[in-house]
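Encoded as C-alpha cells, the structure appears first; notes follow it.
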2 protein chains.
Amino acid sequence: MLVMAYTETALIPGITVAGASPELMAYTPPLDAELVHAGRIITLDNIAMTSEAIPTPGLITRAAITLSDFREFYVDAGNKIPPFVPHYRVGNGPGADVRTGKAVPWAKQIIENARKVGKEIASQSEYVVIGETIPAGTTTALGVLLAMGMDINNYTSSSMPDNPQSLKTSVVQEGLKKAGINGQCDPLKAIEAVGDPMMAATIGLVQGAQGIPIILAGGTQMAAVAILLSKMSDLSKFDLALSTTRWIVEDSTSSLFGILKGGNVNIPVIVANLSFARSKLPGLLAYEKGYVKEGVGAGGLASATILKGVPKVKIEDTVESMYSKMVGQ
Amino acid sequence: MLVMAYTETALIPGITVAGASPELMAYTPPLDAELVHAGRIITLDNIAMTSEAIPTPGLITRAAITLSDFREFYVDAGNKIPPFVPHYRVGNGPGADVRTGKAVPWAKQIIENARKVGKEIASQSEYVVIGETIPAGTTTALGVLLAMGMDINNYTSSSMPDNPQSLKTSVVQEGLKKAGINGQCDPLKAIEAVGDPMMAATIGLVQGAQGIPIILAGGTQMAAVAILLSKMSDLSKFDLALSTTRWIVEDSTSSLFGILKGGNVNIPVIVANLSFARSKLPGLLAYEKGYVKEGVGAGGLASATILKGVPKVKIEDTVESMYSKMVGQ
C-alpha cells in the first residue's frame, strides 16, 4: 500500500528537496504513484531530466514491483493533485502548514476511513507493506514526536545531506505554540495540530489490517507512526515490523533507533542494504552522499522483494537500467 | 469502466428514485461501485432491506462480473462521497442543480483528465464497456439534448414507471433560461450549463480509448453521451456501440432509438434480453413493471457476458440468488 499526501508545510523554503520547485511540490506524491504503478509519469507530460537529477526513491519501489508479484494498492490520504492510478481515497485534501497549529483537524475521519480500507485489503492478503510519499514528512514526524513530549531533537531524518534540524524545530515549535501544546499531548491531537494526513491514514490502515503481518516501509516518519499507533492501540496485538534502507540507518544526522527507543516501541527493524556505489549515474551516486535516503516504501519493498529470493544486486541493476533509460543514457 | 458522479439535480423532489432518501441519494454511486467490486456495500454499515425493496441494477452488473473475467476500473467523475473501491479520479466534486444553468463549468477539465485514463486502460485492454451510476442522470441527459436544440421531449427514460417528463422538462428549461441558451448550443457548453460530470468523463474515456472497440453501457443517458461525442469527434473513427437492457427498449415512455436517430448517431445497439418474470422476489419483479430499467452498466455488462458464452438465465439466476441472500430469504 502506498499512502499519498501533501502538506503545505512543504512550501516553507529550505524544508525539503522532495519536489523540483515550489510549483511542482504537490505533484511529488501523484507522480511517485504513477511511476510505481505504470513505470512512467502521466499527470505531467514530461519532466526534463539530466543524469545529475536525483531520482525519487519510487524508482527503487518500481524496480522491486517489477521483480516481484506484489499487488499494489494506492491510498490518497490528502493529495492536492490526484494520481492517474486507481486509488482509495480516505482523506479530504492536503494538510495545512504545521505553523498554523491546525495541520489536520479531520485526522480522526481519515483514520476511520483508512481502517475500512486496511481491513478490506488485509482480507485478501498474506501480509502487507505500507509505504508513504509526502514532501516535508520528516518535519511533521518531528512535530508529532515533540507534541507528545519526546526529547528527540536531531533524531528525525531528512532528504538532504545537511539536515535542516534547527529550521524544522523552529517551524514545529511555532505550531505547538499556536496549538497551545506544551507538554504531553495525546497522539490524535498531535496529528491534528502538527502532523500530516499520511500518518492518520497509515494508523488506520494498520489498525484495519490487524491480524496479518504488517511492515511499515519507511524511516523516521514510519517510526513516528509506530509511536503514535502504540499510544492508540495495544501494539502487542499487532504483528508489526519496520523496514527501511541502509542510508537511513547509516545517517549520522538522525537516529531511527533512538526514536523507536525513546518512544518505547520495540519492533523488528529490517534493513535493505542497497547501494548505488557501483552506479554510473550521478543522480544515483547522490544516494551514497546522503541525498533522499528513503521514501515511497523503497526500503520496505526492497526488503520484502529480497526476502522473496530476489538478489539485492538485481534490484540495484534494475534501478540503474530504468534510470539510464529515463535520462536517455 | 464504471463512471460515478453526483448532481444536486437529484435532490429536486420527484425527479428520481435512485436513492432511498434525500440524505442517502449521494451514496448511490459509491455503494453501486462497492456492490459491483466487493459484492457488498462498505461505506454504509448496513442498509435494512426487505424483499419489496427494488435493488440497484448494479446487482446485474455484479452478477455479470462474477460470471466473467472482466477487469474492473472505477472512475470518480464527480462524487460527493468516495467509494471504498480503488478508483481513478477525473473530476472535482458533484455537478450543481441544472436549474442554476451552471451545472458543470469544469467539464473541459474532466474530459481532459478522463482522456488520459481512457488511453491508459485501453492500452491494456482488448475492448472496453463503459457504464455509469448517477442519480437524476436522465434529467441531465434531457438537458444537454434540449440545449443542443433537439426536439426530444418524451424521449428520455426514467427509473420510475411513471416518467415525470413534465417536471424534468420544466427543470431543464429553467436551467437553459438561466444559461441564456435558446437555440443550438455546442456540446461542451451544453454539459457545462445543464449536463453532469458523468457525461464529460465518459466522453473523455471514449476519446482516450479510441482504437479499440468501445461499448457504451446504458440507455438514454448513454445515447445522449454518444450524441455529444458525435459533435466533438468524428464518430466514424471510433468502433463504438451502445448496449442496454430489454426494459429500456420496451419502455413506452421513452425512445432510445428516437434519440439516436434525432441526433444522427448511427451506431449498433445491443440489447440484453434479461427478464425477472421468473423471480420469487417482489423487488426484482418490479423491473418487469417498469422500475429502474437500467444503470451501473447493467445491460452492457450483461450483453458482453452473454457474448462471452454465459447463458442469460445464468445471469438472472445469479441475481436472484444474490438478492435472496441480501434480503435474507
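Observations
- In chain A, the beta carbon lying closest to the axis that superposes A onto B belongs to the residue given here with its whole-angstrom distance, A:P86, 2.
- Between helix A:137-147 and chain A: long-axis angle, C-alpha atoms, 0 to 90°, nearest 10: 20
- Magnitude of the charge dipole for the protein assembly as shown, about its Cα centre and with charges confined to Cβ atoms of Lys, Arg (+1) and Asp, Glu (-1), is about 60 debye.
- Between identical copies, the spacing of A:K177 label points, each set 7 Å from Cα toward the C-beta atom, reads 5.9 nm from nearest to farthest.
- Between B:Y88, B:Y27, B:Y74, the Gaussian network model of chain B with springs among Cα atoms under 10 angstrom shows the greatest mean-square fluctuation at B:Y88.
- The protein assembly as shown: C-alpha gyration tensor shape, a/c 1.5 cut-off, then a/b vs b/c: prolate
- Cα-based convex hull, chain A, per residue volume (Å³, whole number): 107
- Partner chain coverage, peptide B:71-78 - average Cβ within 10 angstrom: 1
- Folded to 0 to 90 degrees: helix B:107-122 orientation relative to chain B principal axis, Cα: 50
- Take each residue in A:88-94, count the other chain C-beta atoms within 10 Å of its C-beta, and the mean is 3.
- Once both labels are positioned 7 Å from their Cα atoms along Cα-to-Cβ, the gap between A:S170 and B:E112 label points is 4.0 nm.
- Of the trypsin sites (Lys or Arg not before Pro) in region A:82-168, those whose Cβ has at most 16 other Cβ within 10 Å and which sit in DSSP loop: A:K102
- Label distances, nm, A:V313 versus same residue in remaining copies, Cβ-directed 7 Å point: 6.4
- Top positive-direction residue, dipole computed over region A:84-224 with Cβ charges, set A:Q210, A:V117, A:S159: A:V117
- Cross-link pairs exceeding 24 Å in C-alpha to C-alpha distance, out of A:K116/A:K312; A:K80/A:K312; B:K80/B:K261; A:K177/A:K289; A:K280/A:K312; A:K119/A:K178, comprise A:K116/A:K312; A:K80/A:K312; B:K80/B:K261; A:K177/A:K289; A:K119/A:K178.
- Gyration tensor (alpha-carbon) shape descriptor, region B:286-329, a/c threshold 1.5: oblate
- Dipole in debye (nearest 20) - region A:150-291, about Cα centre, beta carbon charges: Lys, Arg +1; Asp, Glu -1: 180
- For region A:196-329: rounded, prolate or oblate by the Cα gyration tensor [a/c cutoff 1.5]: prolate
- Tail fraction, Cα-Cα pairs, region B:107-146, threshold 16 Å, whole percent: 57
- For B:I212, inter-copy separations between label points set 7 Å beyond Cα along the Cβ vector come to 2.7 nm, shortest first.
- Cα lying deepest toward the dipole's positive end in chain B, options B:L44, B:H87, B:V104, charges on Cβ: B:V104
- Stokes-Einstein diffusion of region B:33-98 at 37 °C, 0.692 mPa s viscosity, Kirkwood radius from Cα pairs, rounded to a whole number: 241 µm²/s.
- Computed magnitude of the charge dipole of region B:1-113 (debye, nearest 20; Cβ of K, R +1, Cβ of D, E -1): 260
- Separation of the B:K325 and B:A277 label points, Cα + 7 Å toward Cβ, nm: 2.8
- Helix-only [θ]222 nm of chain A, DSSP H runs n ≥ 4, -39500 (n - 2.57) each, per residue, nearest 500: -12000 deg cm²/dmol
Just so you know, all these numbers are worked out from the coordinates, no wet-lab data involved. Every value quoted in this text rests on a predicted model; they were computed, and no experiment measured them. Positions of Cβ are generated from backbone atoms using ideal geometry, with glycine treated the same way; all protein chains shown enter the neighbour counts.
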